[in-house]
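The structure under discussion appears below in the form of structure tokens.
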Amino acid sequence: MSPNDDLKALIRTIPDFPKPGIQFRDITTLLLDPGGFATTVARMAAATRGPVDLIAGIEARGFLFAAALAVPLNAGVLLIRKDGKLPGATIAEDYALEYGQDRIVMHEDALVPGARVLLVDDLIATGGTARAAVRLLRKAGGVVEQAQFLVDLPDLGGADALRAEGLDVDSLIAFPGH
Ligand code: AMP
């Protein structure tokens, strides 16, 4: 029995999505559960150390957790999006995918240099997306010392890679394997 097994039971696993061999950890079932989502947000808030100025959420599921956490933590919400969606001037960071490359962006004036930023997403796998987000936030002058995820896939090494970049990394739930 692990402390967050109640929440783990609300996450559905869909095999072979979006491609063969991937066990997709589907959090939409947890979102549908009113108590489940509230408990998730409360536990993530409790795991946050020190005051933060901004919660940076990664498109799209990360937005849900970032927005919900920003309320009890009395912080603003900073959106990290796919390229081409934000209307103002942006700064970008590219990162490698298994095949090819992707890009995330944020508004260049979204944070005041020195702002303390908590990075949030639903799930960390290889950590490629989260590492790019940290580089982007730091490029803008943000102080990024913590990241939180509902789910970690520890065998893929993403959380450890973020720790190697000097972050405290927390997750409520871990699934072994891919
Ligand atoms: P990564 O950059 O490899 O850490 O991938 C992280 C992003 O991909 C997150 O935003 C997740 O929502 C999504 N993702 C990666 N692997 C899975 C998985 N097995 N189940 C659900 N979502 C995943």
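Bear in mind these aren't lab numbers, they're just calculated from the coordinates by the rules spelled out. Note that this is a predicted model, so its numbers are computed, not measured. A quick note on method: Cβ atoms are made from the backbone with ideal geometry, for glycine too, and the neighbour counts reach across all protein chains shown.
Neighbouring Cβ atoms within 10 Å as the yardstick, rank Leu119, Leu156 fewest first.
By the 10 Å Cβ count, ascending, the order reads Leu156, Leu119.
Once phi is turned into ³J(HN,Hα) by the Karplus curve 6.51 cos²θ - 1.76 cosθ + 1.60 with θ = phi - 60°, what whole-Hz value does each residue of region 19-31 show in order, with x for glycine and proline?
8, x, x, 8, 8, 7, 8, 8, 8, 4, 6, 5, 5
Roughly how many Å is it from the Cα centre of region 149-174 to that of region 49-93, as a whole number?
18
How far apart, in nm, are two points set 7 Å out from the Cα along the Cα-to-Cβ line at Asp6 and at Ala92?
For Asp6 paired with Ala92, the spin-label model returns 4.5 nm.
Using θ = phi - 60° and the Karplus curve 6.51 cos²θ - 1.76 cosθ + 1.60, what whole-Hz ³J(HN,Hα) does each residue of region 94-101 get, with Gly and Pro shown as x?
9, 8, 7, 9, 4, 10, x, 8
In whole Å, what three semi-axes, largest first, describe the equivalent ellipsoid of the chain built from its Cα gyration tensor (square root of 5 times each eigenvalue)?
24, 20, 15
With a cut-off of 8 Å between alpha carbons and a minimum separation of six or more residues, what is the relative contact order of region 51-174 in percent?
Result for region 51-174 is 23 percent.
Among Ala68, Pro3, Leu111, pick out the residue whose Cα is farthest towards the positive end of the charge dipole of the chain, where Lys and Arg carry +1 and Asp and Glu carry -1 on C-beta, about the Cα centre.
Leu111
Taking R0 as 35 Å, what's the FRET efficiency between Arg116 and Leu156 from their Cβ-Cβ distance, rounded to 0.05?
0.80
Once the Cβ-Cβ distance between Asp33 and Glu59 is put in as r, and R0 is 35 Å, what FRET efficiency do you end up with, to the nearest 0.05?
For R0 = 35 Å, the calculated efficiency reads 0.95.
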